Amino acid sequence: MAFDKKQIAGLYLKRAKNYDISANLYYLMGIRENSYRKIAVEALKLGHGDTVVELGCGTGLNFALLRDRVGSEGKIIGVDLTTEMLSSAHKRIERNKWTNIELVQCDAGVYSFPEHVNGIISTFAITLIPEYDKIIKKGAGALSPGKRLVVLDFKLPDSWPIWLIKFFVALTRPFGVTLDLADRHPWESIDRYLVLKELQSFYFGSIYNAAGEKA
């Protein structure tokens, strides 16, 4: 059964302090998480001076990648449900002396996007949120024409045997992954509200990157 928001918040409250280290579980499984994050950020097609919103920013693992794209004159808005994760993100910002990143503690399901943003991204987060379709619809409305919304996340592999799927879910359960999430298809929402420009699969079909562009 999928975790509810209170349970998700509790999971990440406990993991916040050591999240970056515990994320190495993915690397032990052969998942090149950082490479996939780079692909997702590149798919945004951001330029210097752009404003980008990251939903479920966590500890800010994507901030350096995003800042390379928008430059010091651009703006990054990091949104996350848990204050503990944002506390770690704030430390990352201070450590790197970044001055163009705004952190927002908010449930993504009720977050109000700024108007005319130049990009929206979520990596390994939005599928955990029951209102993912509503969020993507709102995000699509906030994008400027020609700008993109990108989701990088897990999905149910078509060719895996059920025993392997259950094993993978068990390994990633500490991050909120359950088999119920297989019924959530954010890439279909992107295709519904935007023009689907990219849909890539990685790690034997268990990870996807979807990019939608506003016409």
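Observations on the model:
- Put simply, the amide H of Leu196, placed in the peptide plane, has neighbours under 5 Å in Glu213, leaving out anything fewer than 5 places away on its chain.
- Sequence-distant residues sharing a close amide H with Cys57 (under 5 Å, placed H): Val79, Asp80
- Whether the range 94-152 is rounded, prolate or oblate, judged on the alpha carbon gyration tensor where a/c under 1.5 counts as rounded: oblate
- Amide hydrogen proximity for Lys155: with H placed 1.01 Å from N in the peptide plane, the residues at 5 or more positions away or on another chain lying under 5 Å are Ile207, Tyr208.
- When each of Lys75/Lys137; Lys45/Lys214; Lys147/Lys197 is checked by Cα-Cα distance, pairs over 20 Å: Lys75/Lys137
- Per-residue Karplus couplings for the range 67-76, computed as 6.51 cos²θ - 1.76 cosθ + 1.60 with θ equal to phi - 60°, are listed in order as 5, 4, 7, 8, x, 6, 8, x, 9, 10 Hz, Gly and Pro entered as x.
Every number here is computed from the coordinates shown, using simple stated rules; none is lab data. Computed from a prediction, not measured in an experiment: that's the story for all the values here.
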